[in-house]
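Inspection log for the structure reproduced underneath, given as structure tokens.
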Amino acid sequence: MTCKDSGVKLLSYALKSPNCHLEILRLSGSMVTEEGCWLCVFSSEFKPSHLRELDLSYNHPGDSGVKLLNDKLKDPNCSLQMLTLDHGGHFRITPGLQKYACDLALDPNTAHAQLILSEGNRTAKHVEKKQPYPDHPDRFELCEQVLCEESLTGRCYWEVKWSGTGLVGLTYKGIIRKSGADCWFGLNEKSWGMYCRDIIYTVWHNNKSTDISGPSSRTNRVGVYVDVFGRHSVLLQCL
């Protein structure tokens, strides 16, 4: 359920009550705009206010909303001690997981020699002939895999499409690259992998597999959601 500005308005009534002792308010990813920011500031001006921490990350406060909140934080009479406004932007008012969408590109320095990257390094194609890629310490030598250039932080969502058999992976940087079957996504403790074939979907981690239910008809698209702050929560959803 998403709070939005209308929900913040209802919360502001409670915050203005002398009987309210709320100290921490987390509205991360709640589609709050400048109006909601103004309501938060307005309600915190009523005394006594016990609000110490306000999390408005992954929202769209706008420049004026950010300035309003930061100015309030500097007010010596304000009870607020911690303010979080990370990862803001217009797309954060998009409903659902799409508000956390990130733009990823594949890293050619990690690509196996039988993978060709194209479309601005956003597409990988398996080929029989090995490509004359230069040696690189990050390159996969045994497994036909490739990583993205960007590291993930906070909350991230992206979608992957494939043809034939697909493997969608998520890994720490320290995954083995040069030898051993355990360098495959999901066959070690540093990575997760979802293997997709026809209507069969299997998730692997630390060499243990779990079959998951997918759509009754074949699909070639999956959405991946990662919450690094939420104890490394991972959600894989067939689309």
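The values are calculated or read from the model by the stated rules, or taken from the named source; none is laboratory data. Note that this is a predicted model, so its numbers are computed, not measured. Cβ sites come from the backbone with ideal geometry, for glycine too, and all protein chains shown count toward neighbours.
Scanning the stretch 23-37 for residues being touching a residue at least 40 places away in the same chain (Cβ under 8 Å), of a type in the set (S, T, N, Q) and over 8 Å from PRO61 (Cβ atoms) gives a total of 1. Within the span defined as the stretch 139-146, one or more residues are within 18 Å of GLN114 (Cα to Cα), surrounded by 17 or more Cβ atoms within 10 Å (Cβ to Cβ) and out of contact with any Phe, Trp or Tyr (no Cβ under 9 Å at 6 or more places or on another chain). Residue count for the stretch 132-171 under the criterion of being among the hydroxyl-bearing types (Ser, Thr, Tyr) and over 22 Å from LYS99 (Cβ atoms): the result is 4. Within the stretch 208-222, the residues that satisfy the criterion of being surrounded by 10 or more Cβ atoms within 10 Å (Cβ to Cβ), at pLDDT below 85 and over 23 Å from the mean Cα position of the chain (by Cα) are PRO215, ARG218.
GLY65 meets the conditions (1) among the small types (Gly, Ala, Ser); (2) exposed (fewer than 15 other Cβ atoms within 10 Å of the Cβ); (3) at pLDDT below 85 in every case but one. The failed one is (2).
Within the stretch 160-179, the set of residues being under 26 Å from SER57 (Cβ atoms) and surrounded by fewer than 16 Cβ atoms within 10 Å (Cβ to Cβ) comprises TYR172, LYS173.
Residue count for the stretch 1-36 under the criterion of being modelled with pLDDT under 80, among the hydrophobic types (A, V, I, L, M, F, W, C) and either part of a loop (DSSP other than H, G, I, E, B) or under 28 Å from the mean Cα position of the chain (by Cα) (or both): the result is 2.
Among the criteria (1) more than 30 Å from VAL32 (Cα to Cα); (2) in contact with a helix residue (DSSP H, G or I) (Cβ under 6 Å, 6 or more places away or on another chain), the one ARG155 does not fulfil is (1). Total residues in the stretch 139-192 satisfying the condition of being in contact (Cβ under 8 Å) with a residue 40 or more places away in the chain and small (Gly, Ala, Ser): the figure is 3.
Just to be sure I understand, how many residues within the stretch 106-121 are closer than 20 Å to THR153 by Cβ and either modelled with pLDDT under 95 or hydroxyl-bearing (Ser, Thr, Tyr) (or both)? Residues flagged as closer than 20 Å to THR153 by Cβ and either modelled with pLDDT under 95 or hydroxyl-bearing (Ser, Thr, Tyr) (or both) within the stretch 106-121 amount to 1.
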